[in-house]
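A quick write-up on the structure given underneath.
The values are calculated or read from the model by the stated rules, or taken from the named source; none is laboratory data. Nothing here was measured: the structure is a model prediction, and the numbers come from that model. Because the Cβ atoms are built from the backbone with ideal geometry, glycine has one as well, and the counts that use them run over all protein chains shown. Surface areas here come from the heavy atoms of the whole protein model, side chains and all, with no ligands, DNA or RNA. Shrake-Rupley method; radii C 1.70, N 1.55, O 1.52, S 1.80 Å.
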Amino acid sequence: MAITTNRLSQTLCQALNDQITLEAYSAQVYLMLACWADENRLDGINSFLMKHSQEERVHMAKIIEYIQERGGSVKIDAIKKPEPEPTNILECFEMVLQQEIENTESIYKIVNLSMQEGDWATWNFLQWLVNEQREEEKLALDLLDKAKLAGGRDMTDNARFELNKLIGNTGQEFPVADQINPLA
C-alpha cells in the first residue's frame, strides 16, 4: 500500500499556488507605486512602498513553504504588469487599498475551501494571513485617510511635503486590538 505524502487536495493546492501569484503581483504593484513615488520626489512614500513590496514577497514565501511542507507542488506562474500608474498620492493609496481588498477576498475563498474540505491544518495556517490582511487593510485605510485629510487630489505642495515625511516615518506593522491592553 502506497502512502500519500501530499496532504493537500489538488483544488486547495491550486488555490494556494494562485495566492502565491497574487502575492507576487501585489509585490509588483508596490514596486510600481514606489517607482512612481521616486519619480515624483516622494522619498518617504517610496521607502514605505519598497518595504511593503518586500513584505508581500515574505507572504509569498510563507505560502510556498507551507505547500512544500504539506507535500504539494509549487507552480510559479507569470504575473501581469501592474498598471496604470497613479497621477497623485490619493490615487496611489486608493490602489494600495484596492490591492489589499483583492488579496483579502482571495484568502477568504481559500479559507472557505479549506473548511469545505475539512483541511484544518490549512485552515489553521491561513489564520496568520487572515490576521495579516486585517492589519494590511487597516494600514491602507489609514494611509488613504491621511491623503484625503492632506487635500486629496487638490493637495498643496506643503501638504504633499508633510504627508511624504509622515508616511516615510510610518511603521510597517500596526498592532490590532487583540494585541493591545486598552487599560495599560
Original post:
Along the charge dipole of region 35-167, Cβ charges K/R +1 and D/E -1, which of L90, I101, G151 sits furthest on the positive end?
Top reply: I101
Original post:
How high is the FRET efficiency from W128 to E39, r the C-beta distance, R0 35 Å, rounded to 0.05?
Top reply: 0.50
Original post:
At what distance in nm do the modelled label points of T170 and E69 sit from each other, each positioned 7 Å from its Cα along Cα→Cβ?
Top reply: 3.0 nm
Original post:
Say R0 is 30 Å: what FRET efficiency, to the nearest 0.05, do A121 and K80 get from their beta-carbon distance?
Top reply: 0.45
Original post:
Can you list the lysines whose alpha carbon is less than 28 Å from that of K62, not counting same-chain residues fewer than 8 positions off?
Top reply: K51, K75, K80, K81, K109, K138
Subject >> Residue-averaged 222 nm ellipticity for the chain, from DSSP H runs of 4+ at -39500 (n - 2.57), nearest 500 >> reply: -24500 deg cm²/dmol
Original post:
For the residue pair F161 and L149, what label-to-label distance in nm results when each label sits 7 Å from Cα along the Cα-to-beta-carbon direction?
Top reply: 2.0 nm
Original post:
What FRET efficiency comes out for the pair Q10/V58, r = Cβ-Cβ distance, R0 = 30 Å, nearest 0.05?
Top reply: 0.70
Subject >> Size of electric dipole in the chain: Cβ of Lys, Arg +1 and of Asp, Glu -1, about Cα centre, debye, nearest 20 >> reply: 260 debye
Subject >> Sulfur and carbon atoms: percent of accessible area, the chain [1.4 Å] >> reply: 52 percent
Original post:
In Å², what does the accessible area per residue of region 1-80 work out to with a 1.4 Å probe?
Top reply: 53 Å²
